[in-house]
1. Within segment B:14-118, which trypsin sites (Lys or Arg not before Pro) sit in a loop by DSSP and count at most 10 neighbouring Cβ atoms inside 10 Å?
2. Membrane-span-like helices in chain B: DSSP H runs reaching 24 Å or more (Cα, own axis), mean Kyte hydropathy at least 1.6?
3. May I ask which residue of B:Val76, B:Phe19, A:Leu162 lies farthest towards the positive end of the charge dipole of the protein assembly as shown, with charges of +1 (Lys, Arg) and -1 (Asp, Glu) on Cβ and the Cα centre as origin?
4. Among bridges DSSP assigns within the protein assembly as shown, what percent are antiparallel (round to 5)?
5. Per DSSP H run of at least 4 residues, take -39500 (n - 2.57); add these up for chain A, divide by its residues and hand me the 222 nm value, nearest 500 deg cm²/dmol.
6. Can you tell me the relative contact order of segment B:1-152? Whole percent, Cα pairs under 8 Å, sequence separation 6 or more.
7. What is the extension gain from B:Lys102 to B:Lys64, computed as 0.36 nm multiplied by their sequence separation minus the C-alpha to C-alpha distance, in nm to one decimal?
8. Let me know the shape class of segment A:118-198, please: from the alpha-carbon gyration tensor, a ≥ b ≥ c as square roots of the eigenvalues, rounded when a/c is under 1.5, otherwise prolate if a/b is greater than b/c, or oblate.
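Please treat every number below as a calculation from the coordinates, not as lab data. Source: prediction; values computed, not measured. Every residue, glycine among them, receives a Cβ derived from its backbone with ideal geometry; neighbour counts consider all protein chains shown.
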Amino acid sequence: MTIIETQNLDFAFSKNELVLKELNLKVEQGSIYGFLGPNGSGKTTTIRLLLGLLPNSKDNIKLFGHTLQDNRINILSKTGSLIEQPSLYEHLSGFDNLEITRRIRNANKNRIDKVLELVDLKTASEKKVKEYSLGMKQRLGLAIALLSEPELLILDEPVNGLDPNGIIEIRELLLKLNKENGITIFLSSHLLSEIEKIVTHLGVLSKGKLVFQGQYNDLKELQNKSATIHIETSDNQKSFEVIGARFQTHSMLNSHIVVHYQDKEQIAAICKLLVETNIDIYKMQLQNNDLENIFLEITKN
Amino acid sequence: MQNLIKNVSTEFIKSKKTFAWWLVIIGAGFMPAFVSFVFLSKWKHLVPQQGHNPWDDFTEMSWKGMGFLYTPFFIVLLTCLFFNIEHKNNTWKHIFTLPILKSSIYLNKLLTLLIFIALFYILYIPIWIGCGFAVGLIKPQLQLTTHSPDYISLVSLCFHSFIASLGLLAIHFWLSIRFKNMIIPIAIAVVGSIIWIALYQGRVEEITYFPYSYHYSTVSPPAWVKLKMFGIFPQHEMFSLLYFVIFTSFSYRYFIKTFKG
């Protein structure tokens with residue numbers, strides 16, 4: 001079942017400047033969907049539209065199979081959210097913050113203890129929120145989002161500003177919620193490294209356009225396809241021709257040639273080929289092609 | 001109904017540990033305490049003549065003090081502080097992602113403020129009576145313990161003052177939604193109050209259309225304005241009700257259609 005679906009979603013704050021362009025999101029039930037994009041690419045705008053915080057006159061946003069416009073209350077009752085910095089009443093205790101949402105959401109009283117335990121804030125629940133650290137506030141925001149046992153969690157940059165320990169804690173918590181409770185999670189980030197360890201699906205947003213959407217493994221495949229090796233030899237021109245006859249070459253520069261490779265066996269074969277052709281190899285350098293670079297490449301293009 | 005009570009109760013949780021509560025409590029007690037201080041320090045000038053009820057002076061001094069700038073600014077400050085809880089904590093976006101209608105959020109806020117104002121008057125009554133009798137015990141010459149206050153008039157003044165508050169409440173309810181910076185509504189109230197004092201000094205008849213003057217008009221109707229009654233309400237209180245309806249409709253529309261937090 002598709003939990004979030006948008007069809008050609010456009011949005012503009014002013015007439016001349018489209019912030020989102022024909023966005024077609026598809027988030028499947030039970031997935032952890034990472035919504036990636038550089039700052040200013042339109043992630044928060046998308047999330048605000050998904051939660052009905054920004055006006056949208058068309059029926060092109062569906063959550064749980066229903067249009068947001070006609071089923072807002074029903075959809076929000078099944079959705080927990082955290083937008084940018086958590087919205088908390090700083091003069092109140094963590095418990096009071098939870099109690100406010102609990103009453104509005106009609107959740108059971110025992111849910112407060114459960115979510116406090118889940119985010120490890122039980123001992124700090126009576127403390128005023130203004131005395132909390134950023135990580136604690138983020139965890140409290142998550143606890144509030146989890147109060148009504150939602151089927152969908154929409155989180156906008158949930159690890160933003162957290163230290164590495166905090167990032168690991170939130171990451172583990174989200175994985176646990178997804179695996180044990182079957183909660184579909186839609187989370188945004190501008191750093192792939194922050195979320196690549198937990199996502200099953202990815203959507204990459206660049207300048208308001210969805211430039212990649214698919215399973216996380218699809219992105220890894222893309223990574224393999226774009227892997228290159230830089231080779232410097234005694235005769236670069238000849239090397240380019242020899243390698244080009246058997247393998248996919250990319251380009252020839254002044255100092256070296258660039259060759260695509262699929263696996264390490266292929267590197268060994270290229271090496272062997274050059275030696276057999278009596279070409280001296282001065283340098284073979286694998287190019288850094290981690291996912292972060294792929295992400296940068298995609299968003300740059 | 002159960003949901004309404006539950007939702008309104010969340011507004012009271014939000015106001016916990018804020019100055020709004022202190023404003024209601026201190027606000028209700030300040031004027032009786034101040035008038036008591038005046039009575040105790042100037043008691044020789046206030047000893048009643050034969051046949052005169054000293055509670056009449058205690059009432060007049062208290063209510064004129066209340067009506068002048070005190071109650072209007074209580075309403076303005078309370079409304080600003082109440083909305084500032086959401087503005088300051090940036091919590092509107094959280095509220096709007098909860099499964100609750102925007103109209104319910106608006107109604108909860110309005111009802112809570114009306115309850116706060118009602119509480120102010122409810123607290124004022126026993127504090128005022130208590131202060132009067134305490135002054136009477138300390139200075140028996142003032143004869144406050146040998147006479148009784150006019151309880152019906154006291155309750156009636158509270159009721160009419162409450163009605164006079166409604167127009168001002170609705171205007172500042174809208175302003176507090178519209179402007180995140182609470183200085184703006186307060187500045188408007190300061191300007192409004194200066195205008196009403198000028199209108200009063202100038203004995204201008206149009207003062208009856210000016211909501212910042214309504215509390216004082218309830219306590220001490222301007223002699224130069226012909227008193228027109230509409231049932232139990234004098235004209236300015238009818239205008240207060242009218243302003244309440246107009247500005248509430250206006251702010252409701254703004255809150256539902258335009259306001260995004």
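1. When the trypsin sites (Lys or Arg not before Pro) of segment B:14-118 are filtered for loop state and at most 10 Cβ neighbours within 10 Å, B:Lys42 remain.
2. Qualifying helices, which must be both long enough and hydrophobic enough, are B:19-41, B:102-138, B:183-201.
3. Of the options given, the answer is B:Val76.
4. So the antiparallel bridges in the protein assembly as shown amount to around 65 percent.
5. Helix-only estimate at 222 nm: -11500 deg cm²/dmol.
6. 45 percent
7. Full-extension gain reported as 9.7 nm.
8. Oblate shape, in that a/c is at least 1.5 and b/c is the bigger or equal ratio.
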